[in-house]
C-alpha cells in the first residue's frame, strides 16, 4: 500500500481499535485460479505481541479454507471511516484557488499465514465470543444457548475456523495531514455539517491530527 509518511499510523492500539470498530475484513488469498477475496467478520486479539491474531470462520462450502497458498500468506483489509473532501471547505480556495477534491479514509492491512481449524470446541468458543460482542448492544441479547443444542452442533459442523497470526500490520490514516493548518478547521466544520454517513467519523479523526 502506498502510504506517505504523514499518513502512517503505527500505534498498534489504534490499528486494533479500527479493526474492532469495523470488523468486516476483506480476506485476500492466492488460490489455484488466482486472487480471491472473501468478506468475513473477524475478532482481533492482542496476543501474541506485537501485532496479535485475527480469528473468524467461513462456510465449509466456501473453497477458501482449502484453496490458498500456504507459502504466500494472506492479506486482510479493514476499511474505517471515509468521506469526500470538497475544495470548498479549504481556506486555500478563497486565497489562491489552488486546491482540488480528495478523499479521506482510514484503513488497516494485516498480513500473515492462514491456519484452518475444524475443532468444535474452538469453533463454539469463537462463535460465542462473536455473538456476545455483536449482541451486547441489544436490550435483550440473543445467546448461542437460546437455540437448541443439536441445531447449534449442526451449524458448527457447517463452518471452518480461520486464524491468522499477524506478521505485519500497516495503518494509513489519510486525514488532511498534508493540508496547510489554515485549511483544517474548514474541513472539520464541513464534515460535521455533511450528511454522508461517515463524515462525522472522519471529522473525529482529522481533528486530533490537526492539533499535532
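Every number here is computed from the coordinates shown, using simple stated rules; none is lab data. Everything numeric here is computed off the predicted structure, so don't read it as measured data. A quick note on method: Cβ atoms are made from the backbone with ideal geometry, for glycine too, and the neighbour counts reach across all protein chains shown.
The numbered conditions (1) surrounded by 13 or more Cβ atoms within 10 Å (Cβ to Cβ); (2) in contact (Cβ under 8 Å) with a residue 60 or more places away in the chain; (3) touching a strand residue (DSSP E or B) at 6+ places or on another chain (Cβ under 6 Å) are all true for residue 89 except (3). Listed by first and then second residue, the pairs linking a residue in segment 22-47 that is free of Cβ contacts under 8 Å to residues at least 24 places away in the same chain to a residue that is outside any strand (DSSP E or B), with Cβ atoms under 6 Å apart and 6 or more places separating them unless they lie on different chains, are 45/52. When residues in segment 187-199 are screened for being surrounded by fewer than 16 Cβ atoms within 10 Å (Cβ to Cβ) and either closer than 18 Å to residue 8 by Cα or free of Cβ contacts under 8 Å to residues at least 24 places away in the same chain (or both), 4 of them pass.
Here is the figure for segment 175-195: residues that are closer than 11 Å to residue 104 by Cβ and in a loop (DSSP other than H, G, I, E, B) total 5. Here residue 83 meets the list (1) over 22 Å from residue 169 (Cα atoms); (2) exposed (fewer than 12 other Cβ atoms within 10 Å of the Cβ); (3) under 22 Å from the mean Cα position of the chain (by Cα) almost entirely, failing just condition (2). Listed by position, the strands (runs of 3 or more DSSP E) inside segment 98-167 whose residues that are in contact (Cβ under 8 Å) with a residue 60 or more places away in the chain and closer than 22 Å to residue 67 by Cα number at least 2 are 102-112, 159-165.
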